[in-house]
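Working notes, beginning with the structure itself.
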Amino acid sequence: MHKTICLALTGASGMPYGLRLLECLLAAGCRVQLLYSQASQVVARQEMGLELPSRPAEAKAALLARLPSATPENLTVFGREEWFAPVASGSNPPDAMIVCPCSMGTLAAIAQGLADNLIERAADVVLKEGRKLVLVPRETPFSAIHLENMLRLSRAGAVILPPSPGFYHHPQTVQDIVDFVVARVLDQIGVEHTLMQRWGE
């Protein structure tokens, strides 16, 4: 069976990670439920020249045009206040959720269980239902508040996966560095890939 993955894009720098992850999830046959914050629209435009319209239907159309592996069947885009989305309820949780890139504001809200928008609520659902939650926090340096929030989430079962690329595979391009991080995320949720050669192979 194909996995259903909720992917949330938030307002931290690192949109190339999020878009490459989306591309790889779709190419692997996953069904992707995409959420995105208002701040992520600014980051997408700044870092990738990508316009993410505020209306989910228009954002879906833009991504279908950009990503060859995206189809109307395997990509669903939800608005920030779309409370009837499947991810808003523990009766229909995804197999896993990834927040990539994850802003410190989103991370803090999830750590405190605020659930004031669909991204926060979906993460809350995934944690309470015992599903895999992977957070990719793109910030440096981390303050004590950031670290305490990450520790709280780790203790609650979330995976904290900062985008810290290794260099033992001798990356030649920025894409190689992006793929290293995306590969680590895909490993965490059990999605097969061939983004890089594994250690010892």
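Calculate, in nm to one decimal, what Gln46 and Phe84 gain on full extension: separation in residues at 0.36 nm each, minus their alpha carbon distance.
So the chain would gain 10.6 nm between Gln46 and Phe84.
Taking 1 over the mean of 1/r across every pair of different Cα atoms in the stretch 94-201, what Kirkwood radius in Å do you get?
Computed over Cα pairs of the stretch 94-201, the Kirkwood hydrodynamic radius comes out at 14.7 Å.
Could you compute how much accessible surface Tyr17 exposes when probed at 1.4 Å, giving the result in Å² to the nearest 10?
So the heavy atoms of Tyr17 present about 40 Å² to solvent.
Using Cα positions and a limit of under 15 Å, work out the aspartates and glutamates in reach of Lys128, with same-chain residues fewer than 8 apart set aside.
Correct list for Lys128: Asp95, Glu120.
Ratio of the chain's C-alpha Rg to 2.2 N^0.38 Å, to two decimals? Walk me through the intermediate numbers first.
Numbers: Rg = 15.8 Å, N = 201, 2.2 N^0.38 = 16.5 Å.
So the Cα radius of gyration is 0.96 times the expected 2.2 N^0.38 Å.
Which value at 222 nm does the chain reach when only helices count, each DSSP H run of 4 or more adding -39,500 (n - 2.57), with the total divided by all residues and rounded to the nearest 500 deg cm²/dmol?
Result for the chain, helices only: -12500 deg cm²/dmol.
Expected output is a single nm value to one decimal: the length gained when fully extending between Gln197 and Ser91, i.e. 0.36 nm times separation in residues minus the C-alpha distance. What is it?
Result: 34.3 nm gained on full extension.
What length, rounded to one decimal in nm, is gained on full extension from Gln172 through to Asp116, with 0.36 nm per residue of separation minus their alpha-carbon distance? Mind showing how you got there, number by number?
On the way: separation 56, 0.36 × 56 = 20.16 nm, distance 4.16 nm.
Taking 0.36 nm per residue and subtracting the Cα distance, the gain is 16.0 nm.
Specify the inter-centroid distance of the stretch 8-27 and the stretch 68-91, based on alpha-carbon positions, in whole Å.
15 Å
The values are calculated or read from the model by the stated rules, or taken from the named source; none is laboratory data. This one's a predicted model, so the numbers in the text were calculated from it and none came from an experiment. Please note that ligands, DNA and RNA were not included when accessible areas were found on the heavy atoms of the full protein model with its side chains. Shrake-Rupley method; radii C 1.70, N 1.55, O 1.52, S 1.80 Å.
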